[in-house]
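I have a structure I would like to understand better, so I am pasting it below and will then ask my questions one at a time.
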Amino acid sequence: MTQVAEDIMEISMGPQHPSTHGVFRMDVRLEGERVLRLKPVFGYLHRNHEKIAESASYLAAIPYTDRLDYLCSMTNNWGYTLAVEKLAGLAVPERAEYIRVIVAELTRLQNHAGMVGFLLQDMGASGTPLMYAFTQREKVLDLFEELSGARMMCNYMRFGGVRVDCSQQWLEATARLVGAFGGFLDEFEQLLTGNEILMARTQGVGVLPRELAINAGVTGPGLRASGVNYDLRKVDRYGVYERFQFRVPLGEHGDVFDRYMMRVLEMRESLKILEQALRDIPGGAIMDPKAKLRGLRPKVGEAYARIESPKGELGFYLISDGSPNPYRYRVRPPSLINLTVLEDMCLGQNIADVVVILGSIDIVMGEVDR
Amino acid sequence: MTLEEIRSRLQSGVPGCQVELVVNGSPSGQNSLLLDRDHGLAAATLLCDQIQLDFCSNVTAVDWPDREKTDKVKTKQMVDGEEKEIEHTIKTRIPGFLEVVYHLFSMTKHLGPVVIRMRTGNRSDDVTLPSLTPIWRSAEFQEREAFDLYGVVFEGHPDLRRILMWDGFTDYPMRKDYVPPPDDELERLREQ
């Protein structure tokens with residue numbers, strides 16, 4: 001903490017601060033409690049993930065992608081395998097596509113539930129909402145454990161399909177969870193959405209205008225809260241998403257409340273997708289027989305693939321030089337790029353609101369710093 | 001809109017701009033446009049304003065070190081009064097460069113990806129490229145990352161500092177010829 005001038009103070013928020021969601025620092029200049037300037041500082045968790053993946057084979061990079069956004073390993077796997085499939089021209093069997101959709105939407109459910117819990121925790125609602133969210137997240141993680149053997153570092157997808165098939169019992173257990181999740185959401189919303197304190201802390205706070213959101217490359221629920229209809233599940237229609245009926249929730253004001261509402265509404269849409277996917281899932285193979293997992297050597301060329309991860313657009317850019325490891329491996333991390341507008345959203349707000357605004361962006365440092 | 005059409009729009013809209021189509025051999029079929037760096041900013045402004053590529057998704061750098069190309073050439077020579085074919089190997093050095101790749105999309109028209117790239121003169125003292133952050137804010141942190149890990153200097157960037165490595169660090173760890181210092185040396189560097 002330094003006193004710059006009379007009434008103007010510079011403080012360093014983080015890196016060891018419970019509200020920064022990991023090791024993240026913000027250099028904030030304050031006039032009283034009002035934010036005059038805010039500069040995010042990264043790199044505390046930097047391990048040069050891209051360099052590690054460039055020195056590993058295509059297959060060996062999959063477990064590393066689990067550790068990017070460590071809450072959503074399934075969607076990280078999907079983004080990477082989609083890029084390799086584009087690069088090597090591999091097809092994915094139908095059953096594997098459906099399993100991918102199911103695990104990705106389950107990931108979205110547990111991520112969004114956890115995000116809302118943490119957001120409320122940041123506002124000072126200690127414990128209750130987060131524990132409610134975590135009881136549900138726990139059930140999703142149990143399903144992941146049964147399917148892949150791991151709760152968080154699932155390492156489940158492979159280019160050309162998925163690693164192991166799911167059993168009928170697993171599908172039934174998932175259907176039970178999906179059936180009960182709506183009731184949890186009703187309860188959750190009853191507790192939160194109309195809550196006066198939540199509205200006072202979030203409405204009109206951290207407004208992100210539509211034009212700035214597009215220009216700054218904000219993606220995911222944060223973008224849609226500002227009223228931009230851009231969901232890659234609808235735009236790119238990767239996988240088998242064109243077969244499902246679901247809507248894309250849009251916000252009006254682009255404030256923290258809208259970003260909270262986006263998460264709740266997206267969970268309800270995810271439930272719709274899950275119900276349809278669980279109903280329609282076909283039998284058959286789970287791996288492309290032509291896919292060669294070990295020693296894959298794609299032709300010289302490059303590919304960029306992106307998916308709608310729970311945090312936003314997760315992209316992977318690969319360049320192959322014909323050797324068994326990628327010449328260039330690049331992750332387009334949604335968490336990092338969504339932070340571009342953190343300063344714009346915080347200027348003129350109170351220091352206590354900075355914590356809430358940061359919580360509403362939903363970052364994971366494993367992905368920001370890589 | 002095809003890449004060929006975008007290319008001709010760029011050539012007519014930005015006088016003197018050299019645009020080269022880079023063909024991608026992989027099944028993804030994502031070809032790209034190589035812009036010359038003197039007209040890069042003007043070309044990108046046109047792409048954003050007229051073709052409405054309003055969303056710059058991914059910005060990254062690629063390192064292409066110096067390479068040696070070996071060609072075998074056969075020439076006829078007189079050896080001991082007899083004409084013989086002798087094989088020579090000619091080695092040509094292809095100088096390396098750093099390349100910056102932008103993946104552009106349109107949120108309003110759902111176009112994309114349109115891939116544009118720019119190249120530096122070499123890898124040591126001629127590494128300046130125009131920054132596209134004034135057009136797309138989303139490039140701000142990603143260009144900083146390319147500067148930090150590859151050493152590409154972006155002219156016109158509002159805040160070009162190291163982003164992931166610490167400020168006193170001098171090397172560029174994502175380059176292909178980077179050799180990490182020994183652990184104790186790294187420890188000493190960190191403490192400085």
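Please verify whether segment A:344-351 includes one or more residues that are more than 9 Å from every other protein chain (Cβ to nearest Cβ), free of Cβ contacts under 8 Å to residues at least 40 places away in the same chain and surrounded by fewer than 19 Cβ atoms within 10 Å (Cβ to Cβ).
Within segment A:344-351, not a single residue is more than 9 Å from every other protein chain (Cβ to nearest Cβ), free of Cβ contacts under 8 Å to residues at least 40 places away in the same chain and surrounded by fewer than 19 Cβ atoms within 10 Å (Cβ to Cβ).
Same structure, new question: If I ask for residues that are under 20 Å from the mean Cα position of the chain (by Cα) and either among the small types (Gly, Ala, Ser) or loosely packed, with under 15 Cβ neighbours inside 10 Å (or both), which ones from segment A:154-178 would you list?
none
What are the residues in segment A:123-149 that are small (Gly, Ala, Ser) and either touching an Asp or Glu at 6+ places or on another chain (Cβ under 8 Å) or open to solvent by less than 20 Å² (accessible area, probe 1.4 Å) (or both), if any?
Here is the first cut: in segment A:123-149, the residues small (Gly, Ala, Ser) are A:124-127, A:133, A:148-149.
A:133, A:148 - these are the residues of segment A:123-149 that are small (Gly, Ala, Ser) and either touching an Asp or Glu at 6+ places or on another chain (Cβ under 8 Å) or open to solvent by less than 20 Å² (accessible area, probe 1.4 Å) (or both).
Evaluate the following for residue A:286: is it under 16 Å from residue B:64 (Cβ atoms) and touching a Lys or Arg at 6+ places or on another chain (Cβ under 6 Å)? Explain how you work it out, then say what you get.
Numbers: under 16 Å from residue B:64 (Cβ atoms): no; touching a Lys or Arg at 6+ places or on another chain (Cβ under 6 Å): yes.
The answer is no for residue A:286.
Something else now. Counting only residues that are away from every other protein chain (no Cβ under 14 Å) and not in a loop (DSSP other than H, G, I, E, B), which one in segment B:26-44 is surrounded by the fewest Cβ atoms within 10 Å (Cβ to Cβ)? Step through it out loud before you land on a result.
Taking segment B:26-44 as the starting set, the residues that turn out to be away from every other protein chain (no Cβ under 14 Å) are B:35-43.
Cutting the leftovers down to not in a loop (DSSP other than H, G, I, E, B) gives us B:35, B:40-43.
Values: B:35: 26, B:40: 22, B:41: 20, B:42: 17, B:43: 26.
Per the stated criteria, the residue is B:42.
Another one. Since residue A:85 meets every condition but one in (1) open to solvent by 40 Å² or more (accessible area, probe 1.4 Å); (2) of a type in the set (Asp, Glu); (3) within 14 Å of chain B (Cβ to nearest Cβ), which condition does it not meet?
Only one criterion in (1) open to solvent by 40 Å² or more (accessible area, probe 1.4 Å); (2) of a type in the set (Asp, Glu); (3) within 14 Å of chain B (Cβ to nearest Cβ) is unmet by residue A:85, namely (1).
If we only count strands (runs of 3 or more DSSP E) wholly inside segment A:1-73, which ones have 2 or more residues that are within 14 Å of chain B (Cβ to nearest Cβ)? Give the steps one after another, and end with the answer.
Details: elements: A:2-5, A:8-13, A:25-31, A:34-41.
Passing ranges, in order: A:25-31, A:34-41.
Ok, one more. Among the residues of segment A:275-305 satisfying the criterion of being open to solvent by less than 60 Å² (accessible area, probe 1.4 Å) and more than 20 Å from residue A:161 (Cβ to Cβ), which is nearest to the chain's Cα centre (by Cα)?
My answer is A:304.
Given the options A:279, A:247, A:201, name the one that is in contact (Cβ under 8 Å) with a residue 60 or more places away in the chain and away from chain B (no Cβ under 14 Å). Quick ask: steps written out before the conclusion?
Working: A:279 fails: in contact (Cβ under 8 Å) with a residue 60 or more places away in the chain; A:247 fails: in contact (Cβ under 8 Å) with a residue 60 or more places away in the chain.
Just a single option satisfies the conditions, and that option is A:201.
Same structure again: Restricting attention to segment B:174-184, does a residue exist that is over 15 Å from the mean Cα position of the chain (by Cα) and in contact (Cβ under 8 Å) with a residue 24 or more places away in the chain?
Taking segment B:174-184 as the starting set, the residues that turn out to be over 15 Å from the mean Cα position of the chain (by Cα) are B:177-184.
Now restrict to residues that are in contact (Cβ under 8 Å) with a residue 24 or more places away in the chain: B:177.
Within segment B:174-184, one or more residues are over 15 Å from the mean Cα position of the chain (by Cα) and in contact (Cβ under 8 Å) with a residue 24 or more places away in the chain.
Continuing with the same structure: How many residues does segment B:3-25 hold that are more than 28 Å from residue A:300 (Cβ to Cβ), open to solvent by less than 80 Å² (accessible area, probe 1.4 Å) and in a loop (DSSP other than H, G, I, E, B)? Give the steps one after another, and end with the answer.
Going residue by residue through segment B:3-25, those that are more than 28 Å from residue A:300 (Cβ to Cβ) are B:9, B:12-16.
Still in the running and open to solvent by less than 80 Å² (accessible area, probe 1.4 Å): B:13-14, B:16.
Then drop every residue that is not in a loop (DSSP other than H, G, I, E, B), which leaves B:14, B:16.
Here the count works out to 2.
Which ones in segment B:87-117 are on the phi < 0 side of the Ramachandran plot and facing chain A (nearest Cβ under 9 Å)?
Of segment B:87-117, the ones on the phi < 0 side of the Ramachandran plot are B:87-109, B:111, B:113-117.
Within segment B:87-117, B:101, B:103, B:105, B:107, B:108, B:113, B:115 qualify.
Continuing with the same structure: Within segment A:171-190, is even one residue touching a Phe, Trp or Tyr at 6+ places or on another chain (Cβ under 7 Å) and at pLDDT below 90? I'd like the intermediate steps shown before the answer.
Going through segment A:171-190, the residues touching a Phe, Trp or Tyr at 6+ places or on another chain (Cβ under 7 Å) turn out to be A:188.
Narrowing the set further to residues that are at pLDDT below 90 leaves A:188.
Yes.
Does any residue in segment A:255-266 that is under 21 Å from residue A:212 (Cβ atoms) and in contact (Cβ under 8 Å) with a residue 12 or more places away in the chain come within less than 7 Å, Cβ to Cβ, of a residue that is among the charged types (D, E, K, R) and open to solvent by 10 Å² or more (accessible area, probe 1.4 Å) six or more places away or on a different chain, and which pairs are these?
A:258/A:252
Could you name every one of the strands (runs of 3 or more DSSP E) located completely within segment B:57-168 that has at least 1 residues being open to solvent by 20 Å² or more (accessible area, probe 1.4 Å) and either free of Cβ contacts under 8 Å to residues at least 12 places away in the same chain or within 20 Å of residue B:42 (Cβ to Cβ) (or both)?
Details: elements: B:67-79, B:82-94, B:97-106, B:111-119, B:128-130, B:153-155.
Those strands (runs of 3 or more DSSP E) span B:67-79, B:82-94, B:111-119, B:128-130, B:153-155.
Tell me which residues, restricted to segment B:45-56, are open to solvent by less than 70 Å² (accessible area, probe 1.4 Å) and within 14 Å of chain A (Cβ to nearest Cβ). Working first, answer last.
Initial filter on segment B:45-56 (open to solvent by less than 70 Å² (accessible area, probe 1.4 Å)): B:45-48, B:51, B:53-56.
Selection gives B:45, B:47, B:48, B:53, B:54, B:55, B:56.
Turning to a different aspect of this structure: Restricting attention to segment A:235-269, and to residues there that are open to solvent by 10 Å² or more (accessible area, probe 1.4 Å) and among the β-branched types (Val, Ile, Thr), which single residue is farthest from residue A:186 (Cα to Cα)?
A:235
Out of all the residues in segment A:323-339, is one or more open to solvent by less than 20 Å² (accessible area, probe 1.4 Å), of a type in the set (Ser, Thr, Tyr), more than 19 Å from the chain's Cα centre (by Cα) and modelled with pLDDT of 90 or more?
Residues of segment A:323-339 open to solvent by less than 20 Å² (accessible area, probe 1.4 Å): A:326, A:328-339.
Filter once more, keeping what is of a type in the set (Ser, Thr, Tyr): A:329, A:335.
Filter again for more than 19 Å from the chain's Cα centre (by Cα), leaving A:329.
Adding the requirement that they be modelled with pLDDT of 90 or more leaves A:329.
Looking for residues that are open to solvent by less than 20 Å² (accessible area, probe 1.4 Å), of a type in the set (Ser, Thr, Tyr), more than 19 Å from the chain's Cα centre (by Cα) and modelled with pLDDT of 90 or more, one finds at least one in segment A:323-339, hence yes.
With respect to residue A:355, determine if the residue is free of Cβ contacts under 8 Å to residues at least 40 places away in the same chain, open to solvent by 10 Å² or more (accessible area, probe 1.4 Å) and either touching a Gly at 6+ places or on another chain (Cβ under 7 Å) or away from chain B (no Cβ under 12 Å) (or both). Outline the logic, then answer.
Numbers: free of Cβ contacts under 8 Å to residues at least 40 places away in the same chain: no; open to solvent by 10 Å² or more (accessible area, probe 1.4 Å): yes; either touching a Gly at 6+ places or on another chain (Cβ under 7 Å) or away from chain B (no Cβ under 12 Å) (or both): yes.
Here the answer is no, as residue A:355 does not meet what is asked.
Report, ordered by the first and then the second residue, all pairs with beta carbons closer than 6 Å, sequence separation of six or more or different chains, a first member in segment A:147-159 that is under 14 Å from residue A:72 (Cβ atoms), and a second member that is open to solvent by 20 Å² or more (accessible area, probe 1.4 Å) and of a type in the set (Lys, Arg).
Going by the 6 Å Cβ cut-off, the qualifying pairs are A:156/A:163.
The values are calculated or read from the model by the stated rules, or taken from the named source; none is laboratory data. Because the structure is a prediction, the values reported are computed rather than measured. Cβ sites come from the backbone with ideal geometry, for glycine too, and all protein chains shown count toward neighbours. Protein only, heavy atoms only, side chains kept; ligands, DNA and RNA dropped before computing areas. Shrake-Rupley method; radii C 1.70, N 1.55, O 1.52, S 1.80 Å.
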